[in-house]
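Okay, so here's the structure we're looking at.
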Amino acid sequence: MSTIVLVNLHKRFGDFTAVRCTALTVGAGRFMVLLGPSGCGKTTTLRMIAGLELPTSGQILIDGEDVTALRARQRDIAFVFQMFALYPHMTVRNNIAFPLKNEHVPRRKIANRVEAAARMLRIEDILDRKTGGLSGGDRQRVALGRAIVRQPKAFLMDEPLGTLDADFRELMCLELRKLHDALSATTVYVTHDQSEAMAMADDIVVMNQGVVLQSGTPHEIYHFPATVFVGNFIGSPPMNFLAVDGLVSIGHEQVQLHGAPVPVPRCDAAADRVLLGIRPEHVVLGEQGPLRGKVVADEYLGSHQVFVIETALGIVRARAGKNERLAAGSPVGLSFRTERVLLYDAVTERLLP
Ligand code: ATP
């Protein structure tokens with residue numbers, strides 16, 4: 001189990017800065033997911049950790065040792081790509097054994113490690129088949145087997161499930177997580193799929209435009225998004241953000257929302273312009289409420305539904321039970337679960353203390 005620390009890691013391609021990471025620590029044995037939209041710098045960050053891309057400035061420490069100048073093969077890290085390159089004419093056994101043969105590991109040791117990896121991945125019965133004819137899932141398992149046998153200090157995975165269809169992705173997510181629990185190896189996993197990240201991660205790092213916006217457990221990221229972007233990017237449907245007229249009361253435990261007072265948890269900040277952030281499941285619909293609106297759509301999702309409500313402050317989404325009936329056009333009152341209300345600076349879009 002190894003700890004990976006990134007210090008002031010920057011990567012520029014010409015004039016364009018792809019990554020500006022001030023500080024990031026992957027704890028020993030943790031499963032950390034780098035999450036963010038396409039082009040935000042996830043892959044570049046991972047490639048720098050792997051030693052496949054040289055940072056423009058900054059340091060990468062593995063277990064306290066500065067590895068920034070070391071080549072990829074000197075870092076003792078396994079990289080699993082989306083497009084796993086297996087040798088189709090070789091058997092599964094030989095594909096998995098390949099990195100060990102390259103390192104001239106004794107035969108008996110290779111056989112033992114390949115068997116152990118195959119047991120863990122439940123592919124013992126296909127060890128003597130050629131990889132060319134295997135299903136996507138089995139090929140993915142073989143690729144993982146090839147990473148596991150090396151017993152590396154850490155695993156880096158770049159959208160390894162990207163090519164699989166939805167059902168299979170879900171199954172492989174579970175298997176990967178179980179595998180991680182069995183190996184307890186430090187893992188950095190890249191995806192742009194928030195549900196994959198929420199399901200698998202110990203820690204999620206949300207990136208945008210090369211910058212880390214927030215790093216925390218899935219619970220922290222979901223319930224306390226550090227910025228408006230994170231609140232929008234995590235959660236489906238996203239968090240609601242409403243512009244308030246101002247903070248009121250001496251201790252700031254109320255805001256004025258379209259002329260009506262709304263209780264909020266105490267807010268110490270003195271921002272001029274404030275946004276109220278609330279998840280759809282914490283919006284309460286009723287006949288009364290400080291904010292009035294009109295139902296414009298109902299997204300029925302089987303176990304629950306989401307009402308889309310037009311208000312004077314814009315669209316608000318509210319989650320409701322599957323049996324709740326509100327016809328399109330119905331007037332509704334909206335209130336908010338006080339302890340769940342978050343306040344953001346409307347200019348910096350950061351969570352207020
Ligand atoms: P995706 O999910 O689409 O792979 P990502 O978050 O992994 O995106 P990166 O691949 O790290 O993003 O790319 C970050 C930015 O850096 C992008 O704008 C990309 O175009 C740019 N970039 C990456 N590699 C290079 C390169 N070799 N030369 C120039 N620009 C690059």
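Some observations on this one:
- Selection status of Leu54, within 16 Å of the ligand (Cβ to nearest atom), part of a loop (DSSP other than H, G, I, E, B), out of contact with any strand residue (DSSP E or B) (no Cβ under 8 Å at 6 or more places or on another chain) and on the phi < 0 side of the Ramachandran plot: yes
- Hey, Ile60 in a helix (DSSP H, G or I), in the same structural domain as Leu164 (by TED's automatic domain parsing), within 16 Å of the ligand (Cβ to nearest atom) and touching a residue at least 12 places away in the same chain (Cβ under 8 Å) or not: no
- Of all positions in the range 264-276, none carries a residue that is out of contact with any Leu (no Cβ under 8 Å at 6 or more places or on another chain), surrounded by fewer than 22 Cβ atoms within 10 Å (Cβ to Cβ) and under 30 Å from Ala185 (Cα atoms).
Residues are listed down the side, and each one gets a yes or a no for (1) assigned by TED's automatic domain parsing to the domain that holds Ile278; (2) under 21 Å from Asp298 (Cβ atoms); (3) in contact (Cβ under 8 Å) with a residue 24 or more places away in the chain; (4) assigned to a strand (DSSP E or B):
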| position | (1), (2), (3), (4) |
| --- | --- |
| Arg319 | yes, yes, yes, yes |
| Glu324 | yes, yes, yes, no |
| Ala327 | yes, yes, yes, no |
| Leu334 | yes, yes, yes, yes |
| Glu339 | yes, no, yes, no |
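- None of Val190, Val230, Val212 is part of a strand (DSSP E or B), in contact with a helix residue (DSSP H, G or I) (Cβ under 7 Å, 6 or more places away or on another chain), touching a residue at least 24 places away in the same chain (Cβ under 8 Å) and not acidic (Asp, Glu) except Val190.
- Those residues of the range 12-43 which are in contact (Cβ under 8 Å) with a residue 60 or more places away in the chain, within 15 Å of the ligand (Cβ to nearest atom) and either farther than 18 Å from Ile204 by Cα or β-branched (Val, Ile, Thr) (or both), in sequence order: Thr17, Ala18, Val19, Val33, Thr43
- Of the residues screened, Glu170 is not one that is more than 30 Å from Pro106 (Cα to Cα), within 16 Å of the ligand (Cβ to nearest atom), assigned by TED's automatic domain parsing to the domain that holds Lys130 and not hydroxyl-bearing (Ser, Thr, Tyr).
- Residues of the range 299-317 that turn out to be part of a strand (DSSP E or B) and surrounded by 16 or more Cβ atoms within 10 Å (Cβ to Cβ), as a count: 8
- Taking the listed residues Ala243, Ala201, the one that is aliphatic (A, V, I, L, M) and in the same structural domain as Val308 (by TED's automatic domain parsing) is Ala243, with no other qualifying.
- Selection status of Leu171, aliphatic (A, V, I, L, M), part of a strand (DSSP E or B) and within 28 Å of Gly41 (Cα to Cα): no
The values are calculated or read from the model by the stated rules, or taken from the named source; none is laboratory data. Just so it is clear, the structure is predicted and the values come from calculations on it, not from any experiment. Every residue, glycine among them, receives a Cβ derived from its backbone with ideal geometry; neighbour counts consider all protein chains shown.
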